[in-house]
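Colleague: What follows is a single structure, and I will ask about it in a moment.
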């Protein structure tokens, strides 16, 4: 990828990705496309813990490391961590991937079910397909948006789903870099665009639509190599009418950069 111009839309690990492509001789265009905002109500968490004492959950699904750590930070501040851990001990614990796994193990939580690679909702559901959930309570640690697919699948099996919001996704406060990215893509100045989250796709198009340039952005992306970190981001791209040039396997940053380097070479 030496000498190539590559757009990076990642926010939280954006500098790390910029450094990775720079180490390979590329020029990074960093346009963070996502803000993670706290969305956790301590009193709601306290009420949840009390309700679980009265009506235990059969299953708890942890989807992200960031959200899991935020949840425990809230129980720490409320002095409820010991009680919450005791309740979780009596619950079947399912995790979506390695990040919530690490966050739970840091709290010595037993993990009963783990989604297989590539850690999408399909794999979460496959890991718990043998469980009888009719008339059972299920708690789901939400990520940036509600996982409607997961909630509906659990409810279809007769479960009562309680979501625990911990953070939410939004447009970044400064959308000027995204507007500049749209213009740069239209001018054909970029060799590749790297997407690491489906919401980045939706936010990029939200900015383009505000500018009246949604159609031209779609056309520009379809003239550019679009690199996706995995199935969830790829699904968002296809939903937006964008051809996925490559998808990392496994869905990790290292594999994504290696695949991108090979494709651009």
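The values are calculated or read from the model by the stated rules, or taken from the named source; none is laboratory data. Just so you know, these numbers come straight off a predicted model, no measurement behind them. No Cβ is skipped: glycine too gets one built from the backbone with ideal geometry, and neighbour counts run over all protein chains shown.
Colleague: Suppose the filter is more than 23 Å from the chain's Cα centre (by Cα) and not in a helix (DSSP H, G or I); does residue 130 pass it?
Modeller: Criteria met by residue 130.
Colleague: Being touching a residue at least 60 places away in the same chain (Cβ under 8 Å) and surrounded by fewer than 21 Cβ atoms within 10 Å (Cβ to Cβ) narrows it down to one of 131, 125, so name that one.
Modeller: It is 131.
Colleague: Filter the range 35-50 down to residues that are part of a helix (DSSP H, G or I) and exposed (fewer than 15 other Cβ atoms within 10 Å of the Cβ), then give me how many there are.
Modeller: 5
Colleague: Out of 227, 220, 243, report the one residue that is modelled with pLDDT of 95 or more, part of a strand (DSSP E or B) and farther than 30 Å from residue 92 by Cβ.
Modeller: 227
Colleague: Name every residue in the range 186-203 that is over 23 Å from the mean Cα position of the chain (by Cα) and either within 17 Å of residue 236 (Cβ to Cβ) or outside any helix (DSSP H, G or I) (or both), in order of residue number.
Modeller: Passing the criteria: 187, 188, 189, 190, 191.
Colleague: Can you tell me which residue is surrounded by the most Cβ atoms within 10 Å (Cβ to Cβ) among those in the range 147-170 that are touching a helix residue (DSSP H, G or I) at 6+ places or on another chain (Cβ under 7 Å) and in a loop (DSSP other than H, G, I, E, B)?
Modeller: Ranking the candidates gives 166 first.
Colleague: Would you confirm whether or not the range 51-59 contains a residue that is under 17 Å from residue 131 (Cβ atoms), surrounded by 21 or more Cβ atoms within 10 Å (Cβ to Cβ) and either within 26 Å of the chain's Cα centre (by Cα) or in contact (Cβ under 8 Å) with a residue 12 or more places away in the chain (or both)?
Modeller: yes
Matching residues to (1) closer than 18 Å to residue 44 by Cβ; (2) modelled with pLDDT of 95 or more:
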position: 69; (1), (2): yes, yes
position: 107; (1), (2): no, yes
position: 111; (1), (2): no, yes
position: 119; (1), (2): no, no
position: 124; (1), (2): no, yes
position: 177; (1), (2): no, yes
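Colleague: Pairs needed: first member in the range 173-195, at positive phi; second member anywhere, at pLDDT 95 or above; C-beta distance under 9 Å; at least 6 residues apart or different chains.
Modeller: Going by the 9 Å Cβ cut-off, the qualifying pairs are 188/220; 188/223; 188/224.
Colleague: Is it fair to say residue 253 is modelled with pLDDT of 95 or more and assigned by TED's automatic domain parsing to the domain that holds residue 180?
Modeller: no
Colleague: Related question: Which one of these is outside any helix (DSSP H, G or I) and closer than 27 Å to residue 40 by Cα: 173, 206?
Modeller: Going through 173, 206 in turn, the sole match is 173.
Colleague: Within the range 211-226, restricting attention to residues that are over 15 Å from residue 183 (Cβ atoms) and touching a helix residue (DSSP H, G or I) at 6+ places or on another chain (Cβ under 9 Å), which residue is surrounded by the most Cβ atoms within 10 Å (Cβ to Cβ)?
Modeller: 226
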